[in-house]
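These notes are about the structure you will find just below.
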Amino acid sequence: MFIQPEWQWKQENGSGMHQWIKQKQNPHANDVDIIVYGALLSYASDPMKKAQYPTAFRKAWSSFQSYNLDEQVDLRSLAIVDIGDVAIDSTNRMLSESAIEAAAENLSIAYQKSFTCLIGGDHAITACSLRGIKNAFPNERIGIIQLDTHLDARNQEDIGLAMNSPIHQLIASGVVEGKHMYNVGLHGFFNSPEMIYYAREQGIHMITLKQMRRDGIQLTIREMLRQLMYEVDRIYVSVDLDALDITFAPDVPAATPGGLTAYELFDILKLIGENEGVRHIDFIYPDPKQNELRLETVKTGVTAFLQWLTGIQLDHRNRISRKEKAGYGATP
């Protein structure tokens, strides 16, 4: 089901990101806080082309340390394991999507106490991942927070298999209800009237950047999480890096002017990490149509991932502090 990643680091102790994130298959469930895995599914028309970002994501680890100076936390206390990439079929996209779905289902069952993080790949993997999670927990309600410039809700019957239809797929198949979806980062002239009408019809919460900046990012994200925690059993976050302004993601094909700044994205992901109801996340980076990924965009994506981890660590630290204040003592 999983293959070794194309880029691997020598396993050794240290504070570098490439040293404290362990790369191994089949770790024991009690030894893992966060499971990381990749999906090399690319939107490119060439079926032999693999998504570049999972490999570029891993290559960039050596540029980062475990200590977040802004928040005064060391992420090495989190047990993070990279178990490799889903084995996809280079000639059959449907088989590849089924493989990602099965992988997400198996991980959700085997590592129920862990957070899962999927690195892609095009946005179709979000629908695959969520179908797998729904298979694992058929009686649970799932909420989605989608950080994206686009609604990604085109009718798949009209366009065939495509990266920009995952939300339509999920609603049509009953995996997620529209009222449990929040799309954050919408702006400008990048969604058709038909998709906007569909989103309103399905009850999708559309939060524009203008609205979020007016009301405040922290207030908006905290209220969204509070509402979802009341309505669903688990939350899935999908981070499409085209939500970033094109100046911060110059080689993401669908990036646009007026999107999120890198600093806004980092703040949002830290807040999301602080909410234990968020059990699953993906980072989607459609490949440039030509050439290699630019390092500045890759590093922005890795920093976003680390900010999410920072939120998880802050939440853990705060819960310990509350227990100590309540007289229960520190957890062993």
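For SER42, SER62, give the ranking by accessible area with the largest first, probe 1.4 Å. Please report the intermediate quantities before stating the final value.
Details: SER42 10, SER62 55 Å².
Listed by decreasing accessible area, they come as SER62, SER42.
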Is the shape of the chain rounded, prolate or oblate, going by the alpha carbon gyration tensor and its root eigenvalues a ≥ b ≥ c, with a/c under 1.5 for rounded and a/b larger than b/c for prolate?
-> rounded
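Rounded to the nearest percent, how much of the accessible area of the chain (1.4 Å probe, protein heavy atoms only) is carbon and sulfur?
Working: 7430 of 14850 Å².
Summing carbon and sulfur atoms, their accessible area is 50 percent of the total for the chain.
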Of the peptides 67-76, 233-242, 131-140, how do they stack up when ordered by the mean number of other Cβ atoms within 10 Å, highest first?
-> 233-242, 131-140, 67-76
Where a Cα-Cα gap under 21 Å defines reach, which lysines qualify for LYS10, not counting those fewer than 8 residues away within the same chain?
-> LYS22, LYS24, LYS59, LYS299
Would you mind getting the accessible area per residue of the range 1-101, heavy atoms of the protein chains only, 1.4 Å probe, in Å²?
-> 49 Å²
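For the range 77-144, what is the charge dipole size about the Cα centre, in debye to the nearest 20, if Lys and Arg each add +1 at the Cβ and Asp and Glu each add -1 at the Cβ?
Details: 5 positive and 8 negative charges, 56 e Å.
So the dipole magnitude of the range 77-144 works out to roughly 260 debye.
Compute the length gained on full extension between ASP315 and LYS10: take 0.36 nm times their separation in residues and subtract their Cα-Cα distance, giving the result in nm to one decimal.
Details: separation 305, 0.36 × 305 = 109.80 nm, distance 3.04 nm.
Answer, rounded to one decimal: 106.8 nm.
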If the chain between ILE109 and GLU292 were fully extended at 0.36 nm per residue, the gain over the current Cα-Cα distance would be 62.3 nm
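The values are calculated or read from the model by the stated rules, or taken from the named source; none is laboratory data. Just so we're clear, the structure is a prediction, and the values are computed from it rather than from any experiment. Note that we place each Cβ from the backbone using ideal geometry, even for glycine, and neighbour counts take in every protein chain shown. Side chains are part of the model used for accessible areas, which takes the heavy atoms of the whole protein and leaves out ligands, DNA and RNA. Shrake-Rupley method; radii C 1.70, N 1.55, O 1.52, S 1.80 Å.
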